[in-house]
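Enquirer: Below you will find the structure I want to go over with you.
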């Protein structure tokens, strides 16, 4: 039987889209799928703490979190072992620097690209390490947010009716900061309030300063699902998932440039997404 082993990279939304793509690939090519889920300082939580189990998919958790000498040595050993096994076991190994060549300029998959179909047909054991939706799949297999997290999000949203989601990414993305200026979000929100005076906004942001400014401007017109905006703890990751689910329940999302979080929220809820971006 063919085997696909995938190590998704990056934050929550990046990893979710990688796993969904891998699941579609595995089904299309009748391959067993194994996910290497790395708990690290970027995403400090195990898979099972975030999501419901995926049928027919094996999850292997690898703990690479921590900054002390023990964790640094452990991390190096894990990577060395993975590299050694990779050379020994896999017919082909693919990484971001190679995968980019088979994607569109905006890093989305090309429906007509046949590279990964050729890879699947020609290789029994494939290893992929990426943060991208690496190939086009016709059937989606959504990664489902853990039930207990979803219930917390639903409780937050109970007092509100329809609302517009606003995702303002600030602390970890230079492209988002440069191309989606804070002022443009305010302009758009003001325009929507003129059109719909009763509208409320759900604010999703990794910056407490941004939220405080918006609260001073709009008061009760805005609300949020979390006051925990750091992502380097398990609690912070759970709050990020609450945030993602709440955002996905919006009537419409005003999103940030080059943000997989905005894109994943829109995809989860089948919600229209408008990227707030300055004229390029």
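The values are calculated or read from the model by the stated rules, or taken from the named source; none is laboratory data. The shown structure was predicted, so the numbers you read here are calculated from the model rather than taken from an experiment. Glycine also receives a Cβ, built like all others from the backbone with ideal geometry; neighbour counts cover every protein chain displayed.
Enquirer: Across region 144-177, what is the total count of residues that are farther than 30 Å from residue 23 by Cα, exposed (fewer than 14 other Cβ atoms within 10 Å of the Cβ) and touching a residue at least 60 places away in the same chain (Cβ under 8 Å)?
Expert: 2
Enquirer: Residue 141 fails exactly one of the following numbered conditions: (1) at pLDDT 95 or above; (2) touching a strand residue (DSSP E or B) at 6+ places or on another chain (Cβ under 9 Å); (3) over 16 Å from residue 253 (Cβ atoms). What is the number of that condition?
Expert: Tallying (1) at pLDDT 95 or above; (2) touching a strand residue (DSSP E or B) at 6+ places or on another chain (Cβ under 9 Å); (3) over 16 Å from residue 253 (Cβ atoms), residue 141 fails exactly one: (1).
Enquirer: Looking only at region 7-39, which residues are free of Cβ contacts under 8 Å to residues at least 60 places away in the same chain and either under 15 Å from the mean Cα position of the chain (by Cα) or over 22 Å from residue 78 (Cα atoms) (or both)?
Expert: From region 7-39, those free of Cβ contacts under 8 Å to residues at least 60 places away in the same chain are 26, 30, 32-39; that's our starting set.
Matches in region 7-39: 26, 30, 32, 37, 38, 39.
Enquirer: Would it be correct to say that residue 250 is part of a loop (DSSP other than H, G, I, E, B), closer than 30 Å to residue 47 by Cα, outside the structural domain of residue 43 (by TED's automatic domain parsing) and in contact with a strand residue (DSSP E or B) (Cβ under 6 Å, 6 or more places away or on another chain)? Explain how you work it out, then say what you get.
Expert: On the way: part of a loop (DSSP other than H, G, I, E, B): yes; closer than 30 Å to residue 47 by Cα: yes; outside the structural domain of residue 43 (by TED's automatic domain parsing): yes; in contact with a strand residue (DSSP E or B) (Cβ under 6 Å, 6 or more places away or on another chain): yes.
Yes; evaluated as a whole, the condition is true for this residue.
Rundown of residues vs (1) within 20 Å of residue 149 (Cα to Cα); (2) touching a residue at least 24 places away in the same chain (Cβ under 8 Å); (3) in contact with a helix residue (DSSP H, G or I) (Cβ under 6 Å, 6 or more places away or on another chain), yes/no style:
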site: 233; (1), (2), (3): yes, yes, no
site: 237; (1), (2), (3): yes, yes, no
site: 246; (1), (2), (3): yes, yes, yes
site: 251; (1), (2), (3): no, yes, no
site: 255; (1), (2), (3): no, yes, yes
site: 261; (1), (2), (3): yes, yes, yes
site: 272; (1), (2), (3): no, no, no
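Enquirer: Would a scan of region 267-275 turn up a residue that is out of contact with any strand residue (DSSP E or B) (no Cβ under 8 Å at 6 or more places or on another chain), assigned to a loop (DSSP other than H, G, I, E, B) and at positive phi?
Expert: yes
Enquirer: Would you confirm whether or not region 33-41 contains a residue that is surrounded by fewer than 18 Cβ atoms within 10 Å (Cβ to Cβ) and touching a helix residue (DSSP H, G or I) at 6+ places or on another chain (Cβ under 7 Å)?
Expert: Checked against the condition, which is being surrounded by fewer than 18 Cβ atoms within 10 Å (Cβ to Cβ) and touching a helix residue (DSSP H, G or I) at 6+ places or on another chain (Cβ under 7 Å), region 33-41 yields no hits at all.
Enquirer: Check 108, 114, 130 and return the single one that is surrounded by fewer than 19 Cβ atoms within 10 Å (Cβ to Cβ) and either over 19 Å from residue 9 (Cβ atoms) or at pLDDT 95 or above (or both).
Expert: On the way: 108 fails: either over 19 Å from residue 9 (Cβ atoms) or at pLDDT 95 or above (or both); 130 fails: surrounded by fewer than 19 Cβ atoms within 10 Å (Cβ to Cβ).
On inspection, the qualifying residue turns out to be 114.
Enquirer: Among the candidates 153, 191, which residue alone is over 25 Å from residue 230 (Cα atoms), outside any loop (DSSP other than H, G, I, E, B) and at pLDDT 95 or above?
Expert: 191
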